[in-house]
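Only one structure is covered here, and it is reproduced in the block below.
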Amino acid sequence: MTAPVIELIDVSLRLGEGASTVQVLDGVSLTVERGRSTAIVGPSGSGKSTLLMVIAGLERVDAGTVRVAGQTLNGLGEDAVAAFRGRTIGIVFQSFHLIPNMTALENVAVPLELAGHDAPFALAERELAAVGLKDRLTHYPGELSGGEQQRVAIARALAPAPAIVIADEPTGNLDQATGRQIADLLFETAGERGTTLVLVTHDPRLAERCERQVAMRSGRVEEAARAAAPAG
């Protein structure tokens with residue numbers, strides 16, 4: 001049996017201090033197989049987005065084990081985690097998180113350049129062309145529509161050829177038609193490249209496109225597996 005690309009074992013996390021402390025994750029165990037798509041669903045405040053941040057190494061757990069692509073993140077220093085994330089995990093946010101004073105090309109190329117990739121601008125140009133933006137390379141985020149900004153964010157996430165892409169409400173700020181286009185792009189590109197896709201969504205139609213759904217409530221995994229129709 002192939003080892004899972006993501007493995008969380010009895011993970012717990014509290015945020016805040018004193019009387020304001022909140023148990024955000026409470027004994028979460030979860031495995032994700034390589035190359036599959038998984039939706040994390042559940043009500044607001046159930047810990048879905050925090051779970052993604054734990055997988056990305058952006059939140060440190062209080063207890064339990066976090067293992068991603070064969071690397072145990074517990075105990076790694078911040079620099080080591082950041083370097084690992086840059087090689088292994090692409091992140092797509094609901095609010096795009098593009099740098100406003102950089103062009104589309106620079107938004108994709110500069111992280112590659114900082115990570116030491118060869119020919120980062122050539123790679124960025126290819127990735128932007130792959131998401132349908134070959135004519136928008138020199139446009140700034142403020143000159144792009146919401147859907148175009150999310151395409152830039154997807155290109156940025158996919159450019160380093162990560163094993164895993166995590167997406168937090170990737171269609172949440174888009175109208176229905178644009179959201180559908182972005183979902184199509186995300187699933188098709190991940191499928192073509194064999195990338196593991198883990199996304200948080202409140203949209204049942206988007207969740208149903210994933211091969212698996214994981215339901216959360218009050219910081220716990222309520223339902224760890226449910227078959228879904230293949231993406232398409």
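The values are calculated or read from the model by the stated rules, or taken from the named source; none is laboratory data. For clarity, every value in this text was computed on a predicted model and none was experimentally measured. A quick note on method: Cβ atoms are made from the backbone with ideal geometry, for glycine too, and the neighbour counts reach across all protein chains shown. Surface areas here come from the heavy atoms of the whole protein model, side chains and all, with no ligands, DNA or RNA. Shrake-Rupley method; radii C 1.70, N 1.55, O 1.52, S 1.80 Å.
Lys and Arg at +1, Asp and Glu at -1: add these up for the other residues within a Cβ distance under 13 Å of S145 and post the number. Walk me through the numbers on the way to the answer.
Details: positive: R136, R151; negative: E143, E148, D175.
After counting each charged neighbour, the total is -1.
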query: Where the Cα atoms of the chain are projected onto their three principal axes, how long is each span, largest first, in whole Å?
result: 48, 43, 38
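Quick check: at a probe of 1.4 Å, how many percent of the accessible area of segment 100-200 sits on carbon and sulfur atoms? Present the calculation step by step, with values, prior to reporting the outcome.
Numbers: 2120 of 4390 Å².
After summing per-atom areas, the C and S share lands at 48 percent.
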- prompt: Taking Cα atoms, how many degrees apart are the long axis of helix 120-130 and the longest axis of the chain, rounded to 10 and kept between 0 and 90?
  reply: 90
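If you average the sequence gap of Cα pairs under 8 Å that are 6 or more apart and divide by the length of segment 1-135, what percent do you get for the contact order?
Values: 156 pairs, mean separation 26.4, N = 135.
For segment 1-135, the relative contact order is 20 percent.
Net charge within 12 Å of L158 by Cβ-Cβ distance, Lys/Arg positive one each and Asp/Glu negative one each, not counting L158 itself?
Working: positive: R126, R151, R156, R193; negative: E127, E188, E192.
Its environment carries a net charge of +1.
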- prompt: Taking the convex hull of the alpha carbon atoms in segment 6-88, what volume per residue do you get, in Å³?
  reply: 101
query: Under a point-charge model restricted to the Cβ atoms of Lys and Arg (+1) and Asp and Glu (-1), what is the dipole moment magnitude of segment 1-92 relative to its Cα centre, in debye to the nearest 20?
result: 320
Order by protection proxy (mean Cβ within 10 Å, highest first), peptides 152-161, 97-106, 138-147: 152-161, 97-106, 138-147
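Of the trypsin sites (Lys or Arg not before Pro) in segment 100-141, which ones lie in a loop per DSSP and count no more than 16 other C-beta atoms within 10 Å? Let's see the in-between values first.
Working: sites: R126, K134, R136; in loops: K134, R136.
Here the trypsin sites (Lys or Arg not before Pro) that fit, given the DSSP loop and packing criteria, are K134.
Counting pairs of alpha carbon atoms under 8 Å apart in space and at least six apart in sequence, what relative contact order in percent does segment 156-228 give? Don't skip to the answer; put the middle values down first.
Details: 71 pairs, mean separation 19.8, N = 73.
Relative contact order for segment 156-228 comes out at 27 percent.
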- prompt: Counting Lys and Arg as +1 and Asp and Glu as -1, each charge on the Cβ, what is the dipole of the chain about the Cα centre in debye, to the nearest 20?
  reply: 380
Accessible solvent surface per residue of the chain, calculated while the other protein chains remain in place, 1.4 angstrom probe, Å²: 47
query: What order do you get for 3-15, 207-219 when each peptide is scored by the mean count of other beta carbon atoms within 10 Å, highest first?
result: 207-219, 3-15
